[in-house]
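A short reminder: the numbers here are calculations on the coordinates, not readings from a lab. A quick note: this is a predicted structure, and the numbers were derived from the prediction, not measured. Positions of Cβ are generated from backbone atoms using ideal geometry, with glycine treated the same way; all protein chains shown enter the neighbour counts.
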Amino acid sequence: MATDNRPLSPHLQVYRPQLTSVLSISHRLTGVLLSLGLIPVVLWTLAVASGPEAYGALMNILGSVPGLVLLAAWTFALFFHLLNGIRHLFWDAGWLLDLRGAYASGWIALVLALVLTIAVWGGLA
């Protein structure tokens, strides 16, 4: 059976990205990043248990500019995933399901995640 004449279904390249779809994909990505971010947490725990030399070596890595950028990104991922999860709980309760509410809650989750990340890292400086 020849299928050359059948049209292909629309792909992601056909659709314009919308805030709701971008936030949905971002929520999944931040979940993966949070899981990967547990590796430094485990390494930190092992370094603390191993003694001052191991702890100092790990803190040199985590205290470097790339290490701090990764930790700040992990912090943003944590706050965004948390706030977007709360947003989904509101949806499960039947609230904010209209287009205006979905967009407003999405922007609120993004902005609050950024504000909380800046607050945490600003307090550490």
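Once R0 is set to 22 Å, what does the formula 1/(1 + (r/R0)^6) return for the Cβ-Cβ distance between A57 and V32, expressed as a FRET efficiency to the nearest 0.05? It would help to have the intermediate numbers written out before the result.
Working: r = 27 Å, r/R0 = 1.24.
After rounding to 0.05, the efficiency reads 0.20.
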Separation in nanometres of the label points that stand 7 Å from Cα toward Cβ, at I86 and W121: 2.1
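At R0 = 22 Å, how high is the FRET efficiency between L68 and L43 if r is their beta carbon distance? Nearest 0.05 is fine.
In this case the efficiency is close to 0.90.
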Within the chain, helix-based [θ] at 222 nm, where runs of 4 or more DSSP H residues each add -39,500 (n - 2.57), nearest 500: -26500 deg cm²/dmol
At least 20 Å along the helix axis (C-alpha) and Kyte average at least 0.5, DSSP helices within the chain: 19-36, 65-92, 99-124
Among 54-60, 93-99, 111-117, 80-86, the order from most to least packed when residues are scored by Cβ within 10 Å on average: 80-86, 111-117, 54-60, 93-99
